[in-house]
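Visitor: Please find one structure pasted underneath; my questions will follow.
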Amino acid sequence: MLQTSLPFRIESDRWGNIVMSPPRRSRHGEYQLEIGANLRDLMTGRGLAITECLVQTAEGVKAADIAWVSHERRTSKPNDPCYLIAPEICVEVLSPSNSMDEILERKRLFFEKGAIGFWLCDEKGRLTFWDAAGMISRSILCPNFPGQINLPPTESASEAY
């Protein structure tokens, strides 16, 4: 399929159509970086934090905003253009353009591909955590991960997200 042969960040639907919309504000990237850095620091030596992680799903290629993958899972398919088995943790940072239906669909697709945890960071930096059975109070794989990401204040209220 087309979507698995492209070497850069592309998402597709189940028919191979490209459906990528970039985030509209820099706060999205700031949350991505902070979550990734926290994952790297808290999970040192056990795996790797990745941004814009491509996963081949039943509904096309989806890019998790941040993912954490164990060394074992990462090395199992080193030359694939995207993950055929989802990283253990898949994280989405909510954008104003995301619908909750879209987020729930992505969560379902990542779990179907083997994710152990799904996290959602809202527009204020609050995190919610899920396992395959539903919402949980903290991450199973990274229980010390904070439930809130605090970014420095912006200069303008219009830049809040």
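Just so you know, all these numbers are worked out from the coordinates, no wet-lab data involved. Nothing here was measured: the structure is a model prediction, and the numbers come from that model. Note: ideal-geometry Cβ built from the backbone for every residue, glycine included; neighbour counts use all protein chains shown.
Visitor: Taking neighbour Cβ counts within 10 Å as the exposure measure, how do Thr57, Thr75 sort from fewest upward?
Guide: With the fewest neighbours first, Thr57, Thr75 line up as Thr75, Thr57.
Visitor: Here's something else I'd like to know. If you place +1 on the Cβ of every Lys and Arg, -1 on the Cβ of every Asp and Glu, and leave all else neutral, what size is the dipole of segment 25-151 about its Cα centre, to the nearest 20 Debye?
Guide: Once rounded to the nearest 20, the dipole reads 240 debye.
Visitor: Taking +1 at the Cβ of each Lys and Arg and -1 at the Cβ of each Asp and Glu, which of Gly45, Gly114, Leu94 sits farthest along the dipole of segment 25-151 towards its positive end, judged by Cα position relative to the Cα centre?
Guide: Selected residue: Gly45.
Visitor: Principal axes first, then extents: for the Cα atoms of segment 25-151, list largest minus smallest coordinate on each axis, whole Å, largest first.
Guide: 36, 33, 30
Visitor: Based on other C-beta atoms within 10 Å, arrange Met100, Met43 from fewest to most.
Guide: Fewest-to-most Cβ neighbours within 10 Å comes out as Met100, Met43.
Visitor: Grab the alpha carbons of segment 70-129, take their convex hull, and tell me the volume per residue in Å³. It would help to have the intermediate numbers written out before the result.
Guide: Details: hull volume 5.5 nm³, N = 60.
In segment 70-129, the Cα convex hull volume per residue is 91 Å³.
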